[in-house]
Amino acid sequence: MIKKYVLENPEQLAQITFFLVTLGLFVFNMVYALKMDKKKAQKIALTAIELDD
């Protein structure tokens, strides 16, 4: 069944896969950012501001 679906709709399968990977990365980054301690986040923010100049 899955093989038939993949052969009939490869573009839709690619869209679903890309969406799931993107969603996974977004959730991972949000959880990582929320669990990060405040001092480390402040240090990363300051570094980003310095490199932006």
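Numbers for the structure displayed
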{"item": "Ratio Rg/Rh [Cα only; Rh per Kirkwood] for the chain", "result": "1.33"}
{"item": "Nearest 10 degrees, 0 to 90: helix 38-52 Cα axis against the chain principal axis", "result": "90 degrees"}
{"item": "Cross-link reach list, lysines versus residue 35, counting only Cα pairs under 23 Å and skipping chain neighbours closer than eight places", "result": "43"}
{"item": "Accessible area per residue in Å² at 1.4 Å probe, computed on the chain", "result": "102 Å²"}
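The values are calculated or read from the model by the stated rules, or taken from the named source; none is laboratory data. Note that the structure is a prediction, hence the values are computed from the model and not measured. Just so you know, the surface numbers come from the protein's heavy atoms only, side chains and all, with ligands and any DNA or RNA stripped out. Shrake-Rupley method; radii C 1.70, N 1.55, O 1.52, S 1.80 Å.
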